[in-house]
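Chemist: If you scroll down you'll find the structure; I have some questions about it.
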Amino acid sequence: YTRAQVLIHFAHDLVSLGYRLENIYSLKQKHITATVKFWQQNQLAVSTIKNRLAALRNLCNKINKANIIPTNDQLKIGKREY
């Protein structure tokens, strides 16, 4: 349920950024990168961004596109704060 909610939220954010995906298999790295930048600009917590990326990575593994999500370092996502 939680992963589904994260993916729905991702889809809404993607649409608000002006992207339209006709098919989930059309998902590209530019979509992931743009959405992560949007989350960072909205000052979401690092842990929230990492949790959302975990759900996206799970989805990408299921559709055989695991290589489209850059690493956390490439996306300039910091360390979690406890």
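The values are calculated or read from the model by the stated rules, or taken from the named source; none is laboratory data. Remember, predicted model here, so these are calculated numbers, not experimental data. Cβ: placed from backbone, ideal geometry, glycine included. Neighbour counts: every protein chain shown. Note: areas computed on protein heavy atoms with side chains; ligands, DNA, RNA excluded. Shrake-Rupley method; radii C 1.70, N 1.55, O 1.52, S 1.80 Å.
Chemist: Write down the accessible area per residue of the chain in Å², having rolled a 1.4 Å probe over the full set of protein chains.
Modeler: Computed with neighbouring chains in place, this is 70 Å² per residue.
Chemist: Take the Cα atoms of the chain, find their three principal axes, and give me the spread along each one in whole Å, biggest first.
Modeler: Rounded to whole Å, the extents work out to 38, 27, 25 Å.
Chemist: Ranked highest first by average number of other Cβ atoms within 10 Å, how do 68-77, 20-29 line up?
Modeler: 68-77, 20-29
Chemist: Right, next: Whole-Hz ³J(HN,Hα) for each residue in segment 61-76, computed from phi via Karplus 6.51 cos²θ - 1.76 cosθ + 1.60 with θ = phi - 60°, x for glycine and proline: what do you get?
Modeler: Using θ = phi - 60°, the values come out as 5, 5, 9, 6, 10, 4, 7, 7, 9, x, 6, 4, 5, 5, 8, 6 Hz.
Chemist: Using a Förster distance of 30 Å, how high is the FRET efficiency between Asn64 and Lys37, based on the Cβ-Cβ distance and rounded to 0.05?
Modeler: 0.75
Chemist: Determine the calculated [θ] at 222 nm for the chain from helices alone, applying -39500 (n - 2.57) to every DSSP H run no shorter than 4 residues and normalising by the residue count; nearest 500 deg cm²/dmol.
Modeler: -18000 deg cm²/dmol
Chemist: Once Lys and Arg get +1 and Asp and Glu get -1 on their Cβ, which of Trp39, Leu56, Pro70 lies farthest toward the positive end of the dipole of the chain?
Modeler: Of the candidates, Pro70 comes out farthest on the positive side.
Chemist: While we're looking at this one, here's another question. Under 14 Å between C-alpha atoms is the cut-off here; go through the chain and count lysine pairs that meet it, provided they're at least eight residues apart or on different chains.
Modeler: Lysine pairs meeting the criterion: 6.
Chemist: Round to a whole number: what % of the accessible area of the chain belongs to carbon and sulfur, probe 1.4 Å?
Modeler: Answer for the chain is 49 percent, counting heavy atoms of protein chains only.
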